[in-house]
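First up is the structure itself, then whatever we jot down about it.
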């Protein structure tokens, strides 16, 4: 059988030589959004929504920081995804933004 593992994507040792474990580098190409006539029509919208949400969150809470060292974060096991069990952060109490 063939098992496709999304967590193994872009981890070819021939392309990531010299890149520290967990570091970015090598060939980061993927087909998550597909290509050609089957490409996702909402790709640009999804990127814009995610970027806007993260930007607003970090603008509202500029002193957000990890609550524990990055090396101590736990990843969920699975052959098709790579995701954190949780992302604990700390930030000071602030007044709600007026919109």
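Does residue 79 fit the bill of being surrounded by 10 or more Cβ atoms within 10 Å (Cβ to Cβ), modelled with pLDDT of 70 or more and in a loop (DSSP other than H, G, I, E, B)? For residue 79, the condition - surrounded by 10 or more Cβ atoms within 10 Å (Cβ to Cβ), modelled with pLDDT of 70 or more and in a loop (DSSP other than H, G, I, E, B) - is met. Residue 99 meets the conditions (1) at pLDDT 85 or above; (2) in a loop (DSSP other than H, G, I, E, B) in every case but one. The failed one is (1).
The values are calculated or read from the model by the stated rules, or taken from the named source; none is laboratory data. Quick caveat: nothing in here was measured; it's all calculated off a predicted structure. No Cβ is skipped: glycine too gets one built from the backbone with ideal geometry, and neighbour counts run over all protein chains shown.
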